[in-house]
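The values are calculated or read from the model by the stated rules, or taken from the named source; none is laboratory data. Because the structure is predicted, anything quoted here is derived from the model rather than measured. Positions of Cβ are backbone-derived with ideal geometry, glycine not excepted, and every protein chain shown enters the neighbour counts. Surface areas here come from the heavy atoms of the whole protein model, side chains and all, with no ligands, DNA or RNA. Shrake-Rupley method; radii C 1.70, N 1.55, O 1.52, S 1.80 Å.
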Amino acid sequence: MATSDPHNTAANARALEGKVALVTGAAGGIGKACAEALAGAGAAVHLVDQRSAASLATEISGDSHVVDLSDADAIAGLPREIDILVNNAGLQHVAPIHEFPAERFSLIHKVMVLAPFLLMQQCLPHMYSQRWGRLVHISSVHGLRASPYKSAYVSAKHALEGLSKTAALEGAEFGVTSNCINPGYVRTPLVKNQITDQARAHQISEDEVTERVLLSRAGIKRLIEPSEVAETVLWLSGDRCASMTGSSLSLDGGWTAH
């Protein structure tokens, strides 16, 4: 007798009905995929980015907020009754430590560490009061490993890992989970720009940069798709993961298996 697929039922398609999600960096890349996935599961989604995500918000019946996440006052104006917070926004700068601009280092930490902290501060009282909440942080393989010339990004992602674990312990008694997803290189504009820059610097093709530089430590030799990260976010946002908290999920093609 045929059995129904538990991963492809109408009930699971609306598993987040009645939940409200907030996704940072939602205008493109991983954030866009996360917003689409959460909306597809029934959540009402607030899309936060320094660029307008109005067209996507219209498509998924969400709300777009144009916000500079390095500005604490701007963050304070965002909705606070959030059930699922996805800290995804990020930026990159590549330079050796002795040449790294201090103001750029500070900006990266404001967007990738301070902003998630402030957003959690705002959202946790609501999560605690209803005794349910999901904090999902898009970290990186660089939250677990280091690479040269990325001191700001690597240190910010390591800080996000510690912040997530602290939130997991504090939120456990209130039914609030906090987890990190640690992708390798994902097919996003941020990574595309790195490929272009490295191809120019090393005078090799972009395909060679992808194969010889970006994927040299991965077992699976391809870029990760944003939808793969979004599916992991969706999984962590549901009730099936009520006991998973304080974890860091590697989605890196085997990079950290070394």
Exercise for the section: Would you mind checking the radius of gyration and Dmax of the chain based on alpha-carbon positions, in Å? Expected result: 18.2, 67
Exercise for the section: Could you do me a favour and compute the accessible area per residue for the chain, 1.4 Å probe, result in Å²? Expected result: 48 Å²
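Once you have a ≥ b ≥ c as the square roots of the Cα gyration tensor eigenvalues for the stretch 120-236, tell me rounded if a/c is under 1.5, and otherwise prolate or oblate according to whether a/b is larger than b/c.
Prolate shape, in that a/c is at least 1.5 and a/b is the bigger ratio.
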Fill in the blank from the handout: Sorted by accessible surface (1.4 Å probe, heavy atoms of the protein chains only), largest first, Leu144, Leu38 come out as Leu144, Leu38
Handout entry: Label-point separation in nm, Ala76 to Ser243, each point 7 Å along Cα→Cβ
Key = 4.2 nm
Practice task
Select from Arg200, Arg217, Arg14 the residue whose mean-square fluctuation is largest in a Gaussian network model of the chain (Cα-Cα springs shorter than 10 Å).
Solution key: Arg200
Problem - Accessible surface of the chain [probe 1.4 Å, protein heavy atoms]: carbon and sulfur percent - result: 54 percent
Exercise for the section: Per DSSP H run of at least 4 residues, take -39500 (n - 2.57); add these up for the chain, divide by its residues and hand me the 222 nm value, nearest 500 deg cm²/dmol. Expected result: -11500 deg cm²/dmol
Practice task
Net charge near Val67: determine it from the other residues with C-beta under 15 Å of the C-beta of Val67, scoring Lys and Arg +1 and Asp and Glu -1.
Solution key: -2
Handout entry: Alpha-carbon centroids, the stretch 113-160 and the stretch 192-248: separation in whole Å
Key = 18 Å
Exercise for the section: Of the listed pairs Lys32/Lys192; Lys150/Lys221; Lys110/Lys150, which have alpha-carbon separations greater than 18 Å here? Expected result: Lys150/Lys221
